[in-house]
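Read through the structure below, which is laid out as structure tokens, and then see the notes.
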Amino acid sequence: MLASRAAVSRRAFVALAAALGARFVAGCAEQTPAADAAPSPTPDAGSDAGAALPSLGGAPDTPTGRVIAAFVDTVVPGRWRDPTGAPGGLDTGAAALFFDPALPALPFVELLAGLLNAETKAHFAGATFDALSPGERDGVVTSALASTDLLGFAVQLVMLAFFSSREAGAYLGYPGPNPGYRGDPDYSFERPMATEITLDGNLA
């Protein structure tokens with residue numbers, strides 16, 4: 001079963017790599033002349049620019065790391081811009097999972113960052129994804145998902161990292177794993193219910 005799941009994951013990520021690579025090349029080739037370019041991005045009213053992220057959530061401080069951190073903050077906004085103070089992807093270290101060598105996402109991080117930057121340049125000439133305001137990043141991710149639906153795998157990784165974290169669980173009121181009947185005096189967990197042995201060697 002695990003082998004089957006791994007095979008499916010490999011096929012999915014290979015398809016994702018092909019799609020992201022094609023989109024990246026297309027985005028670079030389709031850039032409009034400067035005269036027709038969209039205006040440079042400006043922060044949304046009342047929001048901070050992408051470059052002002054409070055942390056990179058475990059991503060390295062590189063151009064690619066900053067793009068991935070901005071993507072994570074777009075999928076699950078952090079407490080730095082959530083009026084309720086709810087933790088987000090950066091607060092729970094979700095960005096670090098993209099750079100974990102034990103996970104299958106690492107070989108595709110550069111392609112993911114390239115797709116996001118190419119999609120950004122299609123709307124904001126000369127900009128990178130991490131330089132956009134939160135509202136502008138929302139629009140870019142929505143557009144990228146529409147053109148490359150396999151980008152949804154990256155969104156799912158962010159959600160998985162967030163919801164499996166202790167901090168998110170505590171905020172959502174998750175009581176922790178169920179210990180079952182261990183230690184319950186009313187049940188016989190790990191206690192024999194019989195001492196007699198049948199002819200074939202089993203407990204009666």
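Footprinting exposure proxy ranking of 81, 182, fewest other C-beta atoms within 10 angstrom first, gives 182, 81. Residue by residue, region 109-114 carries 3J(HN,Hα) couplings of 5, 4, 5, 4, 4, x Hz when phi is fed to the Karplus relation 6.51 cos²θ - 1.76 cosθ + 1.60 (θ = phi - 60°); x denotes Gly or Pro. Remark: the residue 102-residue 199 segment gains 29.8 nm on full extension, using 0.36 nm per residue and subtracting the alpha carbon distance. Fewest to most neighbouring Cβ within 10 Å: what's the order for 167, 196? In order of increasing Cβ crowding within 10 Å: 196, 167.
Laboratory data are not the source of any read-out in this text; all were calculated from the coordinates shown. Values in this document were obtained by computation on a predicted structure and should not be read as measured data. Backbone-built Cβ (ideal geometry, glycine too); neighbour counts: all protein chains shown.
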